[in-house]
Amino acid sequence: MKRGDLGRRSDHMDTLQVTARLAIHSGKREQFEARAAECVRLVRERDTGTRQYDWFLDDEGTECVVREAYRDSAAALEHLANLGPALMALFEVCDLTLEICGTPSTELRAATAPFAPRVYAPFLSL
């Protein structure tokens, strides 16, 4: 297929893209911000396959969207292992809705099952 043809699978579709939506519990924004900063610190220091890890707050400061990208499932599993206790502390002050775009491995599906992610398989790409 030529560049631009619909259905063409490009290399970037092997990357896992994740969107985490975090609804911050009432009165917990300060704790949320401190725990989020700890997660970012750990990712900078430990992760080797994380390509994107960007946090965005809504205007009211009640919801955060985290845009994440991982080289592959192994990198996402490494990320979960590196953040284990920090993520659990974060989830004490917010509720998570998780979306995974890509083709996660069986191991990654099992590791994220407690979070009930919505998984979207590759379909079309440039």
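The values are calculated or read from the model by the stated rules, or taken from the named source; none is laboratory data. From a predicted model like this one, the values you see are computed outputs, not experimental measurements. When we count neighbours, we look across all protein chains shown, and the Cβ atoms used for this are built from the backbone with ideal geometry, even at glycine.
Observations
- The lone exception for GLU38 - which of (1) within 15 Å of the chain's Cα centre (by Cα); (2) part of a helix (DSSP H, G or I); (3) of a type in the set (D, E, K, R) it fails: (1)
- Given (1) touching a Leu at 6+ places or on another chain (Cβ under 8 Å); (2) acidic (Asp, Glu); (3) over 15 Å from ARG51 (Cβ atoms), index of the condition ASP72 fails: (3)
- Condition check for ALA81: exposed (fewer than 15 other Cβ atoms within 10 Å of the Cβ), under 15 Å from the mean Cα position of the chain (by Cα) and not acidic (Asp, Glu): yes
- Condition check for ASP54: out of contact with any Gly (no Cβ under 8 Å at 6 or more places or on another chain) and more than 19 Å from ILE100 (Cβ to Cβ): no
- Among the conditions (1) closer than 23 Å to PHE32 by Cβ; (2) touching a Phe, Trp or Tyr at 6+ places or on another chain (Cβ under 7 Å), the only one that PHE56 does not satisfy is (2).
- Answer from VAL65, VAL93, VAL43 - the residue that is exposed (fewer than 15 other Cβ atoms within 10 Å of the Cβ) and of a type outside the set (D, E, K, R): VAL65
- One residue stands out among those in region 22-35 that are crowded, with 16+ Cβ neighbours inside 10 Å and touching a strand residue (DSSP E or B) at 6+ places or on another chain (Cβ under 6 Å): the one that is farthest from GLU92 (Cα to Cα), which is LEU22.
- Condition check for ALA69: part of a helix (DSSP H, G or I) and among the small types (Gly, Ala, Ser): no
- VAL18 at pLDDT 95 or above, touching a Gly at 6+ places or on another chain (Cβ under 9 Å) and closer than 30 Å to LEU126 by Cβ: yes
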